[in-house]
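Reading through the structure tokens given below for one structure.
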Amino acid sequence: MHRNKAQATTVLLTALAPASWGTTYVVTTRLLPPGHPLFAGLMRALPAGLLALAITRVLPRGKWWWKTAVLGMLNIGAMPLLFVAAERLPGGVAATLGAAQPLLVAGLGLTVLHDRPTARRLAWSVLGVLGVGLVVLGPQARLDAVGVLAGLGHTTTMAGGVVLTKRWGRPAGVGPLTLAGWQLTVGGLLLLPLTLAVEGLPQRIDAGAAGGYLWLGSMGGLIAYALWFRGIGRLPVAASAPLVLLSPLVATVIGIAQGELLSLPQALGFALALTALVAAQLGPAARKNTATKEKTSDDAAHDDRRARGHRDGRRQGGRRGEPARAPGAGVVPEAGE
């Protein structure tokens, strides 16, 4: 029961990340100055990353410099593509492109994690995308080629970031806030020269835009990514990836709050998407890994030491029934030892 409660808490906390990302579309279209997707990505990443570094005061070491660069580029550096999609497409259409992420994660997981997706997992992922499509797509939906490509590009890079974050875990003694700070800073530093060279700064940032940037950098940036990386480490990929379906569903709920009405097919699609999301948490893959704990570099090193100790113990012991020999007993040293 305790494990189930801990699992449910992890799922709920992780779900806050894609739920907050579902507000990106309304914030972008209603509050931010148009035509500045690079600046929006920069403001979402760099201030939050520097704040996290100031709080944690921990920098990457060794191989984690290049790993952080790769993850920062995938998870954060491609963020302006999301704002391009949000500007050029209706919020629901842009969010639907992101709903394809579970399918991409399943494909990449097979290659990188050697995690063969089950038919059940693929079926719920497809049904989830179809459900979201019923909610947000219709005859009035505008499909802009640049916006569609940008949305798919962001979805692909995020899927790669999810899989590699799961594969690499976190270095010993590093928490999710630190990992989020590293990646946000790297992504922000990548965007800084690009923003200044291509886009420049908005001519005017009013109070609404300032509030929008603050929201995107705090709840949609540092807090969301810290919760997201924590959840990726603790949950099976089959359970964490479908949570991105919350993003378009939240965007839809915001639309309803603004006076939009759902038709019968849209209502059915909403129910189907929610069912797929919940089923991913209750499926066999999720239950099998309920007790899975996040594996850091310390855990891997500990497992290696235990395995070596077990092998050494078997070598030191003789045949069954014989006492264990002292290390080196009965061994003829080689020349030079």
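The values are calculated or read from the model by the stated rules, or taken from the named source; none is laboratory data. Just so you know, these numbers come straight off a predicted model, no measurement behind them. Backbone-built Cβ (ideal geometry, glycine too); neighbour counts: all protein chains shown. Accessible surface areas use protein heavy atoms only, side chains included; no ligands, DNA or RNA. Shrake-Rupley method; radii C 1.70, N 1.55, O 1.52, S 1.80 Å.
Scanning the stretch 159-181 finds no residues that are polar (S, T, N, Q), over 24 Å from Thr10 (Cα atoms) and either part of a helix (DSSP H, G or I) or at pLDDT 90 or above (or both). Which is among the hydrophobic types (A, V, I, L, M, F, W, C), farther than 16 Å from Ala85 by Cβ, in a helix (DSSP H, G or I) and open to solvent by less than 20 Å² (accessible area, probe 1.4 Å), of Ala8, Ala15, Ala19? Just one listed residue meets the conditions, Ala15. Report whether or not Arg121 is modelled with pLDDT under 75 and buried (at least 22 other Cβ atoms within 10 Å of the Cβ). Criteria met by Arg121. Applying a threshold of 6 Å to beta carbon distances and a minimum spacing of six or more residues, or different chains, the list of pairs starting in the stretch 161-184 at a residue that is within 22 Å of Pro236 (Cβ to Cβ) and ending at one that is charged (D, E, K, R) and in a helix (DSSP H, G or I) reads Trp168/Lys67; Pro176/Arg230.
I'm trying to understand the selection: among the residues of the stretch 245-271, which are open to solvent by less than 10 Å² (accessible area, probe 1.4 Å) and closer than 30 Å to Asn4 by Cβ? If the condition is that a residue be open to solvent by less than 10 Å² (accessible area, probe 1.4 Å) and closer than 30 Å to Asn4 by Cβ, then Leu245, Pro248, Leu249, Gly269 are the ones that fit.
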